[in-house]
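Computed from the coordinates by the stated procedures, all read-outs in this text should not be read as laboratory data. The shown structure was predicted, so the numbers you read here are calculated from the model rather than taken from an experiment. Cβ sites come from the backbone with ideal geometry, for glycine too, and all protein chains shown count toward neighbours.
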Amino acid sequence: MDKNVLFALDIGTRSVVGLIGEKTANGIKVLAMDRQEHHTRAMLDGQIHDVPEVAHVLAAITSHLADIAGPLKRVSVAAAGRALCTLKAVAEIETINRGSLSPDDERALELAAIQNAQHQLATGKQVADPASYYCVGHNIIRFTLDGTPIKSLIGQRGKIAAIEVIATFLPRQVIDSMQSAIEAVGLEMATLTLEPIAAINVLIPPTMRHLNIALVDVGAGTSDVAITKDGSVIGFGMVPCAGDEITEALSQAYLLDFNVAELIKRQLNSKSKKILVPDILGQTNKISAAEITSQIKSAVNELAKAIASQILTLNNAAPQAVLLVGGGSLTPDLPEAVANALGIAPSRVAIRRPEVVDGLEAIPDELCAPDGVTPLGILKLASSQTLNFVNVTVNTRKIRLFNLGKLSVADALLAAGIEIRSLHGRPGLGITITVNDQKHYLPGTLGQAGYIMVNNAKASFNDLLTEHDEITVHKGVDGLSPTCMIKDIVSIPQTITVTVNGTSHNIEPVIEVNGKPATPDSVLADRSEAVCYQSATLAEVLTHCGVSFSPLEHHYTVNDVERTYRQLPDFIVNGKAASLATVIEKHDIINVNLAPLPTLAELLGMNEENTVNCTVTFNGSECSLPLRRQAITIDGKPAKLNDTAAPGSTIDCSYYEIKPIVSDVLLAAKFDPHQLSITAKIELRVNNEPAEYTTPVKNGDQVEITACELSKTI
């Protein structure tokens, strides 16, 4: 087979079209064509059901065309969109520390998005058996850098790079059945494309894709939909009904054999006003084309609604225009029904014929019809190596790949299910810990980059593959999270020795992690909270030693009211009184003694001084006089403030007011009358006024006493 000769087959539900083309300086020249219909319903809704029957038709077409072009070995084909599944997916990477982005960065991002689409398919409910589907192609919708759309990321710098793709998936049985039929006639599948992709490359070149156009390929079993907008193809879809539904409606209406109904349907576009209709009862009726058309109107409207629904699902709105191709597009009144279903003007829905196709020459008249678009598209794409098969090995595993144009190492890794990002080697996760209320961040170790070998030579993602290449993937080694112990963060305090009540104790440092006891070798995890300190106060040391310092509780009845008096032990450190807050050092000697019973003053919160509130001057010296006195009894017996009270005692305390007199002043001043002479004459004055022993005094008064003897003043 001459390398300049191209062989294309459009294997449709009703018929098969074969084309022979020759590469020229201006594109491809169509040399020959052949069209044959299936003898039985060997295909339904674009899926091969009877491989031998389809192979029989393929053999006949191949033999006929080989007589013209010579032996044919390799053939380009297209898969029907009947079972096509398309998903949009996005991926993004942080690029702030990457510098200028490289082709490998862009390619890795692209493949990450496809892997996201595969993950959506595997975890979603788009298809019943995701494991039987695999990706056969994808289109990049857009790149963005920091949220701004951009044509290419290569050489750019920014913070966040992102990509959006539309990935297409086919079930294995669609390809396998087609492969079986092709191999049965001694052919090899050279390239594979999708029928809507083939059609769109004929009718909507890149220069038209800025328009929002819906291309609908109405075949016999399926209606394939493709949408263009903003310069790219934004979606593919499929409606599982097409021309056969109209044929079925005719068959039901007039009791016709399916093949007979198909022939009558095709006559509806002829100039015949009356059509002979032979039914299964052996009766032949002559019925007007208008009447037959009215019988299928309901089915046509249902088909139009299904097509419109798919368009609106993909496009979210009615498009600017709809192009109908395929043999089913010739169904009477279908363009008008589609326009009505979409709510657009009938003039915006048209049946297109490929009279002139850029890159194709000498198109036969037979192909200048709506059903000639897809076979011409397959032939046009045959020279672009769209989805050709390549057999490679990835880590000793054999992989059969479809090649969208140029097959790269990255495509093989994707098909093998190898996570592209795993080759980079991620840095280990850092951890944040808190020790003694101070936060510490510990970074992880850097990862080691992996590498790829193709036929024992180092390779990159973008290196192209050929048949039987052997790929070995050495994945990157991820960095490790830090392993950290408490002793790595803080100095562990030394053990100290103290003596408590005559017993020696070793005081270990307090070490806890998340509130639980730990050791200096305890490993800290992310977000751990640890404490490490030496017991510093008497309270901490006593707690560590297990010595109780809880206050003793004494219960009393004071003036018929139950009261509790709490009394801490006496703390002695190195022979000196101490408190629970006293700082303890090594070798300290600590004693914890029971405190003596409380005095009435302590129990009642009183002392001798707080009963004095009057001050007078006696012979030039100040002295205090009580203005109020208390009467205290313990269990009915008189008591003083400095008396102790045994637990359980009943204490009564009452107060009474007194008015001090001069005699009280003499008592408070501890005046001793025996120091006076017996013969002395005594004179009392208050504020320089004569007074008696019973003269009242008040705060601030001046009291004087003199004894007259030999005129000597005392």
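Results, tabulated for the structure shown:
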read-out	value
Label-point separation in nm, Ser624 to Asp570, each point 7 Å along Cα→Cβ	2.6 nm
Ascending count of other beta-carbon atoms within 10 Å, so fewest first, for Cys708, Cys85	Cys708, Cys85
Percent antiparallel among DSSP beta bridges (both partners in the chain, rounded to 5)	85 percent
Per residue, the convex hull volume that the Cα atoms of the chain enclose (Å³)	367 Å³
The range 243-291: projected area of the alpha-carbon convex hull, averaged over directions, in nm²	3.0 nm²
Order of Val561, Val477, Val390, Val498 under a 10 Å beta carbon neighbour criterion, fewest first	Val561, Val477, Val390, Val498
Cα pair count fraction exceeding 12 Å, expressed as % - the range 1-52	66 percent
Protection proxy ranking of 546-554, 567-575 - average other beta-carbon atoms within 10 Å, highest first	567-575, 546-554
Shape category assigned to the range 483-595 from the gyration tensor of Cα positions, a/c cut at 1.5	oblate
Protection proxy ranking of 246-256, 486-496 - average other beta-carbon atoms within 10 Å, highest first	246-256, 486-496
Volume in Å³ per residue [convex hull over Cα atoms, computed for the range 604-714]	124 Å³
Helix 103-123 axis, angle to the chain major axis (alpha carbon atoms, nearest 10°)	90 degrees
Relative contact order (%) - criterion: Cα under 8 Å, at least six apart; region: the range 28-75	35 percent
Environment charge of Ala304, counting only residues whose C-beta is closer than 12 Å and scoring Lys/Arg +1, Asp/Glu -1	-2
Cα-Cα over 22 Å, subset of Lys88/Lys229; Lys487/Lys516; Lys398/Lys475; Lys29/Lys271; Lys398/Lys458	Lys29/Lys271
Within the range 623-663, backbone nitrogen closer than 20 Å to the virtual label 7 Å beyond the Cα of Ala680 toward Cβ	623, 662-663
Simple Cβ-charge dipole of the range 483-595, Lys/Arg +1 and Asp/Glu -1, about Cα centre, in debye nearest 20	140 debye
Cα shape, the range 319-477, gyration tensor, a/c 1.5 rule	oblate
The range 62-213: C-alpha gyration tensor shape, a/c 1.5 cut-off, then a/b vs b/c	prolate
17 Å Cα-Cα reach of Lys273 towards lysines, excluding residues that sit fewer than 8 places from it in its own chain	Lys265, Lys286
Helix 172-184 axis, angle to the chain major axis (alpha carbon atoms, nearest 10°)	30 degrees
The range 475-512 versus the range 111-182: alpha-carbon centroid distance in Å	54 Å
Helix 243-254 axis, angle to the chain major axis (alpha carbon atoms, nearest 10°)	70 degrees
Proximal lysines relative to Lys698, as straight alpha-carbon distance under 23 Å, when same-chain residues fewer than 8 apart are discounted	Lys659, Lys670
Interatomic Cα distance distribution for the range 85-158, bins of 10 angstrom, percent	18, 46, 24, 12, 1
Val127-Lys159 FRET efficiency (beta carbon distance; Förster radius 30 Å; 0.05 resolution)	0.25
Fully extended contour minus Cα-Cα distance, from Asp635 to Glu336, at 0.36 nm per residue	96.0 nm
